[in-house]
Amino acid sequence: MPQPHCRTISPLSLKALTALILSLLFLAPLNAEQASKKETLELTDTSKLSYDARLTKLDYGYPVEVFEIASQGQTLAMAYGYLKGEEDKPTITLLHGKNFNGAYWLQTATYLNSQGYSVLIPDQIGFGKSSKPETYQYSFAVLADHTVKLLKHLSINKTIIIGHSMGGMLATRFALQHPDMTEQLILLNPIGLENYLRYVEYKDTDFFYKAELKKTPEGIRAYQQKNYYDGAWTAKYDSLTHFMIGQLQGPDKKKIAWVNALTYDMIFTQPVVTELKNIFVPTTLIIGTRDRTGPGRNWKRSNVSHQLGLYDQLGDEAARQIPNAKLIKLKAIGHLPHIEDFTAFKKVLNTALKPK
């Protein structure tokens, strides 16, 4: 009767098998570590990055055009992107924040355009590819007026306004000044949901200018990593700092620093929170509740215990003040929902855009 085939494992083979099993057990952690290193290695080397004041060499990912505006005795160039949609769909205007420009709306704009919307993405005067006048009275009122002129230039009589961060303050001012042109207002983690000068010391333009001149690439990254993404950092997040780093290392560093300093003033001296009760257009607040953005936090008045930037509470209070406002909360998401988690943002944006 044939005997079953058996093989004796030699000590050497047993040792090899043990090594194989151990390697398989530790394979996943090793790959995760390698993936982490790969992500770090994929970050762009920005040491030689250089941009001028108008970001001439920066590609936004969509065509950029220029609209000339006569304002305060100057002829200014307002850069913008315009993605034409279907005739029966409204136009959506996307307003950027202070530390950004129109380019960070690319994914949002592309998605909205794929849904049939026309999308207008202006760089406000003083930002992005637009003019950077150094002797100019920057205000949300004048920036709203520029946006209206651009809309009329494009024969757009009414628009849905979406404003993020400082763009939320501008969007609010737009809706207050031009309710007839505002089909709907959507505020995405807007700053200005509290009156900062109630809690912080006033700082003039010289203060901000000195602070801007002291900025470093490492400091720019560290600020956004801590305040926007709760310590997380990816190549995508890093890319949003490149234009700032490039201008910091570019030929117009002092000009950019001065204009950035000028535009800080309107955030502190032109509050919109006191007028939320006067917004009578359909309004939705989309709030990433992890956000803790609080301009002036580092120079609060000595007798003030108020905590700035508690967006999980600020969203509730703003929704109570704005007549018939809708509030949508995104838990565990910070200051830039459209960057941090576009899938979650897209879902709530679709809800906000649904006709009531």
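The values are calculated or read from the model by the stated rules, or taken from the named source; none is laboratory data. Just so you know, these numbers come straight off a predicted model, no measurement behind them. A quick note on method: Cβ atoms are made from the backbone with ideal geometry, for glycine too, and the neighbour counts reach across all protein chains shown.
When you look at Leu27, is it surrounded by 10 or more Cβ atoms within 10 Å (Cβ to Cβ) and either touching a Gly at 6+ places or on another chain (Cβ under 7 Å) or modelled with pLDDT of 70 or more (or both), yes or no? Criteria not met by Leu27.
From the residues in the range 206-218 that are within 23 Å of the chain's Cα centre (by Cα) and of a type outside the set (D, E, K, R), which one is nearest to Trp258 (Cα to Cα)?
Tyr209
Within the range 127-145, track down each residue that is in contact (Cβ under 8 Å) with a residue 60 or more places away in the chain and either surrounded by 20 or more Cβ atoms within 10 Å (Cβ to Cβ) or among the aromatic types (Phe, Trp, Tyr) (or both). Within the range 127-145, Phe127, Gly128, Lys129, Ser130, Ser131, Lys132, Tyr136, Tyr138, Phe140 qualify.
Only a single item in (1) free of Cβ contacts under 8 Å to residues at least 40 places away in the same chain; (2) in contact with a Lys or Arg (Cβ under 7 Å, 6 or more places away or on another chain) is not met by Glu201, and it is number (1).
Of the set (1) in a loop (DSSP other than H, G, I, E, B); (2) touching a residue at least 40 places away in the same chain (Cβ under 8 Å); (3) on the phi > 0 side of the Ramachandran plot, all apply to Asn189 but (1).
Residues of the range 279-311 that are more than 20 Å from the chain's Cα centre (by Cα) and closer than 21 Å to Arg198 by Cα: Asn298, Trp299, Lys300, Arg301, Ser302, Asn303, Val304, Ser305, His306, Gln307.
Checked against (1) assigned to a loop (DSSP other than H, G, I, E, B); (2) surrounded by fewer than 24 Cβ atoms within 10 Å (Cβ to Cβ); (3) of a type outside the set (A, V, I, L, M, F, W, C), Gln124 passes all but condition (2). Condition check for Leu314 on (1) surrounded by fewer than 20 Cβ atoms within 10 Å (Cβ to Cβ); (2) under 21 Å from Ala175 (Cβ atoms): one failure, at (1). Is it true that some residue in the range 151-161 is within 20 Å of the chain's Cα centre (by Cα) and at pLDDT 95 or above? Scanning the range 151-161, I find at least one residue that is within 20 Å of the chain's Cα centre (by Cα) and at pLDDT 95 or above, so the answer is yes.
Filter the range 88-121 down to the residues that are outside any strand (DSSP E or B), hydroxyl-bearing (Ser, Thr, Tyr) and touching a residue at least 24 places away in the same chain (Cβ under 8 Å), then identify the one that is nearest to Thr263 (Cα to Cα). Ranking the candidates gives Tyr104 first.
Tell me, please, whether a residue that is within 22 Å of the chain's Cα centre (by Cα) and closer than 25 Å to Tyr228 by Cα can be found in the range 83-90. Within the range 83-90, none of the residues are within 22 Å of the chain's Cα centre (by Cα) and closer than 25 Å to Tyr228 by Cα.
For every residue, the table says whether it meets (1) out of contact with any helix residue (DSSP H, G or I) (no Cβ under 8 Å at 6 or more places or on another chain); (2) within 14 Å of Thr283 (Cβ to Cβ); (3) at pLDDT 95 or above.
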site: Lys326; (1), (2), (3): no, yes, yes
site: Lys329; (1), (2), (3): no, no, yes
site: Leu336; (1), (2), (3): no, no, yes
site: Lys347; (1), (2), (3): yes, no, yes
site: Asn350; (1), (2), (3): yes, no, yes
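For the range 294-307, indicate whether the set of residues that are surrounded by fewer than 22 Cβ atoms within 10 Å (Cβ to Cβ), part of a helix (DSSP H, G or I), of a type in the set (A, V, I, L, M, F, W, C) and free of Cβ contacts under 8 Å to residues at least 60 places away in the same chain is non-empty. Within the range 294-307, none of the residues are surrounded by fewer than 22 Cβ atoms within 10 Å (Cβ to Cβ), part of a helix (DSSP H, G or I), of a type in the set (A, V, I, L, M, F, W, C) and free of Cβ contacts under 8 Å to residues at least 60 places away in the same chain. Here Ala175 meets each of (1) in contact with a Leu (Cβ under 7 Å, 6 or more places away or on another chain); (2) part of a helix (DSSP H, G or I); (3) within 30 Å of Ser50 (Cα to Cα); (4) not aromatic (Phe, Trp, Tyr) with one exception, condition (3). When the range 241-261 is filtered for residues that are out of contact with any helix residue (DSSP H, G or I) (no Cβ under 6 Å at 6 or more places or on another chain) and either under 23 Å from Gly192 (Cβ atoms) or of a type outside the set (Asp, Glu) (or both), the ones remaining, listed by number, are His242, Phe243, Gly246, Leu248, Gln249, Gly250, Pro251, Lys253, Lys254, Lys255, Val259. Is it fair to say Ala109 is under 25 Å from Leu58 (Cα atoms) and not hydroxyl-bearing (Ser, Thr, Tyr)? Spelling it out, Ala109 is indeed under 25 Å from Leu58 (Cα atoms) and not hydroxyl-bearing (Ser, Thr, Tyr).
For the range 242-292, the set of residues classified as assigned to a loop (DSSP other than H, G, I, E, B), crowded, with 22+ Cβ neighbours inside 10 Å and not hydrophobic (A, V, I, L, M, F, W, C) consists of Asp291 only.
What number of residues within the range 321-352 satisfy the criterion of being assigned to a helix (DSSP H, G or I) and over 21 Å from Met166 (Cα atoms)?
Initially, the range 321-352 is screened for residues assigned to a helix (DSSP H, G or I), giving 321, 337-340, 342-352.
Narrowing the set further to residues that are over 21 Å from Met166 (Cα atoms) leaves 343-344, 347, 350-351.
Matching residues across the range 321-352 total 5.
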